[in-house]
1. Using a 10 angstrom cutoff on alpha carbons, build the Gaussian network for the chain and name the most mobile of Tyr105, Tyr150, Tyr118.
2. For the pair Leu27 and Thr102, how long in nm is the line joining their label points, each one 7 Å along Cα→Cβ?
3. On a straight-distance basis, which aspartates and glutamates could pair with Lys100 in a cross-link, Cα separation under 16 angstrom, same-chain partners fewer than 8 positions away excluded?
4. I need two numbers for region 36-180: Rg to one decimal and Dmax as a whole number, Cα atoms only, in Å.
5. If I model a spin label at Arg90 and Val10 as a point 7 Å from the Cα along the Cα→Cβ vector, what separation in nanometres do I get?
6. Return, in residue-number order, each cysteine of the chain whose C-beta is not under 4.7 Å from any other cysteine's C-beta.
7. Could you tell me how far the Cα centroid of region 39-111 sits from the Cα centroid of region 121-185, in Å?
8. Kindly state, to the nearest 0.05, the FRET efficiency for Glu146 paired with Asn57, given R0 = 25 Å and r defined as their beta-carbon distance.
Amino acid sequence: MRHDPDKILVGEIRDQETAQIAINSALTGHLVFTTVHANNVFDVLGRFLNMGVEPYNFVSAMNCILAQRLVRNICEHCKQPVAVSEDELRESALNPDEWKDTIFYEGAGCFECGGTGYHGRSAIHELLDMSEKIREMILDRRPTSEIKRYARGEGMSTLRESAIERVRAGITTLREINKVTFIEG
Ligand SMILES: [Zn+2]
């Protein structure tokens, strides 16, 4: 702080002391970026509040929370269409009526991808924008399920939806996203 920075990157927050420093820095007009390990954006709320951070300071300091996870991309050299059964669609929580005309792809495995069918990775993400109402709900200690429902109503899309879009675009496979994301209830 003695260097008088405008923007601060705090590598990772694991304890109360670091959380407090990050929040105090944000409250005093610095733009702070940081990371925490969590399953999704809503877990981050609990992580901070359970570290003993004052909820009012937390909601005042926070602009948004972004969760991301990596999925493997299909190898372009051996990419080919694959048949996906209605049962597989249902197990992936996809409506067969809506998906029956979609072409799914997988990599057959080749020299370029070392036989894995995948080459490179891309990030899927979900973003929680801290709207006025969501700040209020956090201050009121509303259950996560309720905050989630409200955020979804405001148009937030989940990691799972982001992953499904990658499948629809032929970038990754259904198998891969079922391994990397949970099917949302
Ligand atoms: Zn390949």
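1. Per the Cα network of the chain with a 10 Å cutoff, Tyr150 tops the list.
2. The two pseudo-label positions are separated by 4.5 nm.
3. The qualifying aspartates and glutamates are Glu86, Asp87, Glu88, Glu91, Glu165.
4. 18.7, 56
5. Taking the two extended label points, one gets 4.8 nm.
6. Cys64
7. Their Cα centres are 8 Å away from one another.
8. My answer for the efficiency is 0.70.
Coordinate-derived values only; no laboratory data. What you see is a predicted model, and the numbers here were worked out from it, not measured in a lab. Note that each Cβ is placed from the backbone with ideal geometry, even for glycine, and that neighbours are counted across all protein chains shown.
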